[in-house]
Amino acid sequence: MMDAFQFEFMQNALAAGLLASIICGVMGSIVVVNRIVFLSGGIAHTAYGGIGLAFFMGWPYLVGTLGFSLAAAMIMAAVTLKARHRADTLIGVFWAVGMAVGIILIDLSPGYNVDLMSYLFGSILTVPDTDLWIMGAISVVIVAFVAFYYADILALSYDEEFARIRGVPVTALYFLLIAMLTVTIVMVIQVVGLILVIALLTIPPFIMERYARSLAVMMVGATALGMVFTISGLWLSCSFNLTSGASIILVAGGAFFLNLMVQRFFLTSRKNADG
Amino acid sequence: MPENNVQSDAFPLVRIEDLDFSYSGRPVLQNINLSVHENDFIAMIGPNGGGKTTLLKLMLGLLKPERGTVTVLGDRPDRVSHQIGYVPQNVNINPSFPVTSLDVVLMGKLAPGQRWAKDKAQNRSDAVAALSRIGMADYIHARIGELSGGQRQRVFIARALVTRPKLLLLDEPTASIDSRGQADFYKLLRQLNAEVTIIVVSHDLPIITGYVKSVACVNQRLHYHPHAEITGAMMEDLYPCTVEAVCPVARVTHPAPNTPV
């Protein structure tokens with residue numbers, strides 16, 4: 001296994017995967033306990049519109065994509081906060097329209113054509129050093145922010161109304177969290193692709209949710225699980241010459257279903273013991 | 001309403017004057033007047049959709065009145081809401097959330113501009129004391145989802161009490177407790193009433209009147225029955241009673257002429 005990780009591109013891929021695991025473990029736990037997985041998917045797909053806009057206008061990737069995604073995410077966040085029961089429809093519309101806008105804009109862009117596949121599954125094996133530094137910086141900012149506002153984030157996530165009564169600046173904090181989530185998604189998409197972002201944001205936190213006794217433990221556990229999935233996925237992809245992003249997701253998905261089966265088994269055996 | 005004059009002249013904890021409120025054009029509360037004084041123990045009864053929960057949320061500053069004023073502890077509700085203990089109606093918020101009873105109670109220690117990390121040990125021992133006081137000492141480190149509805153209710157009450165508020169608002173707190181538990185629960189509230197002013201929204205009409213000091217009927221309008229008017233014995237006679245049988249306000253929405261108060 002160690003042989004594969006001698007190469008520099010593999011080391012970079014490993015570093016990118018581990019950093020993505022940290023960011024996604026922390027933000028993904030917030031996403032899962034707040035039940036905003038669909039909103040995250042909406043942000044990730046709307047980001048494609050931003051990629052198209054950046055290419056069409058000749059702007060740098062980050063300016064176009066982040067700007068476009070942040071604007072769309074703020075609108076979606078406002079709707080989820082004000083009219084939760086209508087939010088899923090609007091997110092679905094943004095999701096589809098964002099993708100379509102991106103594709104049309106790239107059609108219209110002269111010359112260069114972005115490969116949709118590299119956007120979906122990323123290119124973890126060709127991550128440049130600069131992207132690693134940016135991801136590293138984002139991880140530090142996110143972990144520091146969440147640690148500082150942990151009590152408020154916990155209260156907001158558990159019982160928004162009560163948090164408001166206790167004087168937590170719920171609206172501001174919620175928008176800030178969604179903005180951070182958008183930055184996370186846009187950055188990590190560039191490195192590991194849209195599908196892997198959603199997988200890392202949801203699968204490790206979901207597995208941990210049942211076993212953790214606090215949000216903090218859930219974040220740490222999800223990060224660790226994400227790292228295990230990333231390392232084993234990369235190893236599998238090297239050993240069997242498979243697409244790396246898809247391998248990581250399949251490992252995570254396998255663990256997800258294994259966990260469901262284990263829980264089901266324990267649940268039924270406990271029930272039988274009680275009966 | 002003239003009933004307010006019956007109460008003491010001391011400055012009320014809560015004063016609601018000429019309040020109207022509607023949800024997207026549909027009137028929910030009309031011309032509400034109420035003064036809540038120290039050591040009151042008020043049951044708020046009325047049909048579903050009558051505006052009881054809305055009235056609590058107006059007192060907490062979660063909603064803004066369309067007309068009229070709400071003053072709590074002499075200030076605007078949203079400025080002092082952190083001094084009110086609140087037990088919401090739904091105890092089944094996020095049952096799979098990874099959080100222990102203790103951490104839920106600690107949320108009650110949050111206050112504007114003040115992080116609980118400052119006085120961690122003190123807050124922790126306060127939270128443990130609040131849980132012990134309501135008989136939840138054995139469940140301090142239990143995950144909130146592992147508790148029964150009634151136990152979760154107690155955790156929420158501890159969360160409301162941990163800051164020793166002057167005013168405690170409870171929204172249908174016994175909805176997930178069986179009838180034997182209900183009596184115990186109201187006994188607990190009566191003990192707490194020695195130091196806390198309590199308003200409790202409830203449907204447990206026959207039981208609750210044995211414990212509270214006064215009753216407020218809410219159905220778009222509010223009718224306040226001070227102590228003398230509704231006693232436990234009188235309510236027992238009405239068993240099994242409905243809001244309609246007790247209070248003229250309950251008939252406001254029906255075509256029958258409104259009984260003058």
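The values are calculated or read from the model by the stated rules, or taken from the named source; none is laboratory data. This structure is a prediction, so every number in the text was calculated from the model and none was measured. Every residue, glycine as well, gets a Cβ built from its backbone with ideal geometry; the counts of neighbours run over all protein chains shown.
The residues listed here are B:Gly46, B:Gly51; of these, the one that is closer than 25 Å to A:Arg164 by Cα, buried (at least 23 other Cβ atoms within 10 Å of the Cβ) and modelled with pLDDT under 90 is B:Gly51.
Take the residues of the range B:54-75 that are without any contact (Cβ under 8 Å) to a residue 24 or more places away in the chain and in a loop (DSSP other than H, G, I, E, B): which is farthest from the other protein chains (Cβ to nearest Cβ)?
B:Lys64
Flag: B:Leu73 matches the condition of being surrounded by fewer than 23 Cβ atoms within 10 Å (Cβ to Cβ), closer than 25 Å to B:Val212 by Cα and of a type in the set (A, V, I, L, M, F, W, C).
Under the condition of being under 19 Å from A:Ala15 (Cβ atoms), in a helix (DSSP H, G or I) and either modelled with pLDDT of 95 or more or not β-branched (Val, Ile, Thr) (or both), the residues counted in the range A:164-193 number 2.
Being aromatic (Phe, Trp, Tyr) and closer than 17 Å to A:Met99 by Cα is the filter here, so list the residues in the range A:52-66 that pass it. If you could, list the steps in order and put the result at the bottom.
Our first condition is that a residue be aromatic (Phe, Trp, Tyr); within the range A:52-66, this holds for A:55-56, A:59, A:61.
Those that are aromatic (Phe, Trp, Tyr) and closer than 17 Å to A:Met99 by Cα: A:Phe55, A:Phe56, A:Tyr61.
Scoring A:Pro205 on the criteria (1) in a helix (DSSP H, G or I); (2) of a type outside the set (S, T, N, Q); (3) within 14 Å of another protein chain (Cβ to nearest Cβ); (4) surrounded by fewer than 23 Cβ atoms within 10 Å (Cβ to Cβ) leaves a single failure, condition (4). Selection within the range B:76-93: residues that are in a helix (DSSP H, G or I) and more than 7 Å from chain A (Cβ to nearest Cβ). The member of this set that is surrounded by the fewest Cβ atoms within 10 Å (Cβ to Cβ) is B:Arg79.
The residue that is farthest from A:Ser69 (Cα to Cα), among those in the range A:1-35 that are touching a residue at least 60 places away in the same chain (Cβ under 8 Å) and not in a helix (DSSP H, G or I), is A:Met1. Among the residues of the range A:167-202, those identified as surrounded by fewer than 24 Cβ atoms within 10 Å (Cβ to Cβ), within 14 Å of chain B (Cβ to nearest Cβ) and either among the hydroxyl-bearing types (Ser, Thr, Tyr) or touching a helix residue (DSSP H, G or I) at 6+ places or on another chain (Cβ under 8 Å) (or both) are A:Gly167, A:Pro169, A:Val170, A:Thr171, A:Leu173.
The rows are residues; the columns are (1) farther than 26 Å from A:Tyr211 by Cα; (2) of a type in the set (A, V, I, L, M); (3) more than 7 Å from every other protein chain (Cβ to nearest Cβ); (4) not in a loop (DSSP other than H, G, I, E, B).
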residue	(1), (2), (3), (4)
B:Pro95	no, no, yes, no
B:Leu106	no, yes, yes, yes
B:Lys120	no, no, yes, yes
B:Asp126	yes, no, yes, yes
B:Ala129	yes, yes, yes, yes
B:Arg154	no, no, yes, yes
B:Ala158	no, yes, yes, yes
B:Thr163	yes, no, yes, no
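Quick grid of which residues meet (1) part of a loop (DSSP other than H, G, I, E, B); (2) over 12 Å from the mean Cα position of the chain (by Cα); (3) within 23 Å of B:Leu58 (Cβ to Cβ):
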{"residue": "B:Thr174", "(1), (2), (3)": "yes, no, yes"}
{"residue": "B:Arg180", "(1), (2), (3)": "no, yes, no"}
{"residue": "B:Ala183", "(1), (2), (3)": "no, yes, no"}
{"residue": "B:Tyr186", "(1), (2), (3)": "no, yes, no"}
{"residue": "B:Leu189", "(1), (2), (3)": "no, no, yes"}
{"residue": "B:Val200", "(1), (2), (3)": "no, no, yes"}
{"residue": "B:Ile207", "(1), (2), (3)": "no, yes, no"}
{"residue": "B:Gly210", "(1), (2), (3)": "yes, yes, no"}
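Residue count for the range B:193-213 under the criterion of being of a type outside the set (A, V, I, L, M) and closer than 18 Å to B:Asp171 by Cβ: the result is 6.
All of A:Ala212, A:Ala216 fail the test of being within 14 Å of chain B (Cβ to nearest Cβ), outside any helix (DSSP H, G or I) and over 17 Å from the mean Cα position of the chain (by Cα), apart from A:Ala212.
Number of residues in the range B:149-184 that are without any contact (Cβ under 8 Å) to a residue 24 or more places away in the chain and farther than 25 Å from A:Arg166 by Cα: the value is 2.
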